[in-house]
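The values are calculated or read from the model by the stated rules, or taken from the named source; none is laboratory data. Computed from a prediction, not measured in an experiment: that's the story for all the values here. Quick reminder, even Gly has a Cβ in these numbers, built from the backbone with ideal geometry, and neighbours come from all protein chains shown.
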Amino acid sequence: MIALEHVSKRYGGVAAVDDVSLTIPTGEIFGIVGQSGAGKSTLARLVNLIERPDAGTVTVDGAELTALGEGELRAARRRIGMVFQRFNLLGSRTVRGNVELALELDGTPRAERRERALEMLDLVGLSHRADASVHELSGGQQQRVGIARALAARPRVLLSDEATSALDPETTASILELYRRINAELGLTVLLITHEMDVVKAVCDSAALVEAGRVVESGRLVDLIRTPGSRLTAQLFPLGPIPDSVPAEATVIDITFAGGTADRPVIAQLARDHGLDVSILGALIERIGGTQAGRTRLEVPGAAASAVVADLRGQGLLVEVLRTGAAA
Ligand SMILES: Nc1ncnc2c1ncn2[C@@H]1O[C@H](COP(=O)(O)OP(=O)(O)OP(=O)(O)O)[C@@H](O)[C@H]1O
Ligand SMILES: [Mg+2]
């Protein structure tokens, strides 16, 4: 588990991280999302204490890092692996040499280093390139080396800061698939920092939205998609603004379907029961947090809107009214 309690970090006049409290359960893939400059990378550096917080406590895998001296902290950091956007590999070393690096620093004997590096390269599907120079590898392969290196010292937690941002969609998908596999096989907790909601959709169990140094929303995705007004959910279903063509009399609603409600013929039934011409303005179906989920935006004409909303809510559906029509 990772636990941050009232953690803050300022740079001059900027509150890069501002009173953040966050618990990341063991074994989860937890996404940290937010715009550029929101404080995501600073948050990551506070988790492994590369950066000391001005205030608050950081606990990782049972050890309160903020209470440790430099020597103990070095040992505790071995339990936290880190993967970067720009890979940060050493061009003067072979693929295997890069993976061994983390183990050299803590004095692991040569034979054991070699064996462990080959084991990790096998895990990421690159054992056949162990003796290659890193320059001979593609971006996706280099990131696999970065992941193998981060895993070599047997961490309990993996911090990944925009690890897929420099990669094309297909390569991104294969790296995310690798994360999911190491999360399942090694029981590793993964803190995944990203600005891409598609990454969150693809692998995260939970996520937190960061804005101007603060966590403004967090939770399990399966719960968030059932939470009215969730901003993370709105980003997971980017239906955009209401089109200008929708008349002012009409009410506009979003219905969110999750799990069991995803395959019910709700809209056909609505049209039948209320004798209405509902128009679908937009719809998206996604697999989110391991659940089939969808959001449909409807234009509901006339005075029937409130009865329609009550009916849908009565069926246990999440209904959000985006705009109440003039005729409602
Ligand atoms: N070492 C530093 N010195 C001074 N200011 C910093 C430093 N690191 C971060 N900041 C400031 O703190 C704020 C948060 O930066 P941070 O790098 O954490 O954002 P981010 O969410 O990771 O952004 P991006 O998505 O662009 O990587 C920014 O305003 C940034 O300018
Ligand atoms: Mg960053």
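Scanning the stretch 86-104 turns up at least one residue that is modelled with pLDDT under 95, buried (at least 20 other Cβ atoms within 10 Å of the Cβ) and closer than 23 Å to Ser174 by Cα. The set of residues from the stretch 177-193 being of a type outside the set (Asp, Glu) and more than 16 Å from ligand 1 (Cβ to nearest atom) comprises Leu178, Tyr179, Arg180, Arg181, Ile182, Asn183, Ala184, Leu186, Gly187, Leu188, Thr189, Val190.
Within the stretch 21-53, track down each residue that is charged (D, E, K, R) and within 13 Å of ligand 1 (Cβ to nearest atom). Result: Lys40, Arg45, Glu51, Arg52.
Table: residues versus (1) at pLDDT below 90; (2) more than 19 Å from the chain's Cα centre (by Cα).
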| site | (1), (2) |
| --- | --- |
| Glu217 | no, no |
| Asp223 | no, no |
| Ile242 | no, yes |
| Val246 | no, yes |
| Ala262 | yes, yes |
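Of the strands (runs of 3 or more DSSP E) lying entirely inside the stretch 161-231, those containing at least 3 residues that are within 16 Å of ligand 2 (Cβ to nearest atom) span 189-194, 206-211. Please work out if Arg10 is in a loop (DSSP other than H, G, I, E, B), farther than 19 Å from Arg220 by Cβ, away from ligand 2 (no atom under 13 Å from the Cβ) and over 23 Å from the mean Cα position of the chain (by Cα). Answer is no for this residue. Listed by position, the strands (runs of 3 or more DSSP E) contained in the stretch 238-328 that have at least 2 residues being loosely packed, with under 13 Cβ neighbours inside 10 Å are 279-288. Counting only helices (runs of 4 or more DSSP H) that fall entirely inside the stretch 13-131 and contain at least 2 residues that are closer than 29 Å to Ser206 by Cβ, the qualifying elements are 40-47, 70-77, 110-123.
Please work out if Glu286 is under 30 Å from Ile24 (Cα atoms), at pLDDT 95 or above and not small (Gly, Ala, Ser). So Glu286 fails the test. Applying the condition of being touching a strand residue (DSSP E or B) at 6+ places or on another chain (Cβ under 8 Å) and of a type outside the set (A, V, I, L, M) to the stretch 183-195 and asking which residue is surrounded by the most Cβ atoms within 10 Å (Cβ to Cβ) yields Thr194.
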